Every structure is written in C-alpha cells, then in structure tokens.
Amino acid sequence: MKPILAAAALSIAGTPALAHLNPAEHGSFAAGLSHPAFGLDHILAMLAVGLWAATLGGRAIWALPSSFVGVMMVGFMAAVAGIGLPLVEPMILVSVLALGLAVALSLRLPISAAAGVVGVFALFHGHAHGGELGTAGALAFGAGFAITTALLHAVGVGVALAASRIIAGSKVLQGMGWATALCGLWVIVGS
C-alpha cells in the first residue's frame, strides 16, 4: 500500500503546472500566492528552511527565512529580466536533499553561512518562479509567492518549535529532515 501512495504523491508532484491558478481568471496576486503550494519540491525546501532555522535558534529563526525570501526575489527579477541561470531545476532538487540533510544531521553552521546556503538555493527557486510567470503581472505575482514562501518557512519554524517541546523532539526533527532528504533523492533519481 505504501508504494502505491508514494507513487500517487510523486505523480501529483510531477505535474504541478496543470494545477496553477490562471492569472486571467484569478488575478496575478492569487496566482502567485497559490503557486508555491503546487510544487512538492518547493514545499519541502521551504519547510526545511524553517526547520533548520529553528534548529539553529536565536537570530537564525528570522535570518534564514529572510535570506531565502530576499534572494529568491533577486532570482525572480533576473528571470523576468531575461537573465539566464544554468541548472535551475537540478539545483532546486539538490536544495530539497541538502536542506533535508542539514535538518537530519542537525548541521550547526554560523548564521551567516547558513543564510548564505539557503540564499544560494533561493536564487534558483526564484528564477524558476520568474520563468513560470506567464501572463501574470510580475509585481503582484512576486508578492504572492513571496508571502506563501514566508508562510511555509513559518510553518517549518512552528513545527520545529512544537517538536522541541516533546521528549524526543530532536529525533522527530531529524526524522523530518531524513524524510525530506529521501524525498529529494527520490525525485533526483527519478528525473
């Protein structure tokens, strides 16, 4: 039964473009707001950023998500301006694996280094969003997906903080990290 559920989840994740809201019908902001919610790779990476930020604690709780959202918007603007970026999709997949491993291994980096790591991955996520702009207005679409991305980070932080209050909280977080990394590896191998 588990392989069937996994195959169903991956087949749904493999066709996110068919599920995006049409900006002509729903508006550019709504299309941007919903856009990240239809990509399993984006969801997993965003949650992992939040989990890792909370694991690092202190200033990392806001620094990692802020770095991600800020650099993601730079990547978005580059794509909208027609500036190419190589290996966008492979780097997005690598981000899921790497960020999952950072959580699974409880990787302790200085905050500036961790923010730099998430920033590198954010550039590629943002570029992909810019490449998928279609007929949407760039400003409204960008604002929408930036908000959803930040909310996904907040969910990751919230889950991590809630998990830290239970007896085996660190093991739960590591398990979430391993699950994220394995999903990333599965998608990479399947690509």
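The values are calculated or read from the model by the stated rules, or taken from the named source; none is laboratory data. These figures come from a predicted structure and were not determined experimentally. We place every Cβ from the backbone using ideal geometry, glycine too, and count neighbours over all the protein chains shown.
Just to be sure I understand, how many residues within segment 28-73 are at pLDDT 95 or above, aliphatic (A, V, I, L, M) and surrounded by fewer than 20 Cβ atoms within 10 Å (Cβ to Cβ)?
1
Given the conditions (1) in contact with a helix residue (DSSP H, G or I) (Cβ under 6 Å, 6 or more places away or on another chain); (2) under 16 Å from V69 (Cβ atoms), and given that L161 satisfies all but one, which numbered condition is not satisfied?
(2)
Looking at M91 and the list (1) surrounded by fewer than 17 Cβ atoms within 10 Å (Cβ to Cβ); (2) under 27 Å from F29 (Cα atoms); (3) without any contact (Cβ under 8 Å) to a residue 40 or more places away in the chain, which single condition is not satisfied?
(1)
Of the residues A150, A140, A146, which single one is more than 17 Å from G50 (Cβ to Cβ) and either of a type outside the set (F, W, Y) or over 11 Å from the mean Cα position of the chain (by Cα) (or both)?
A140
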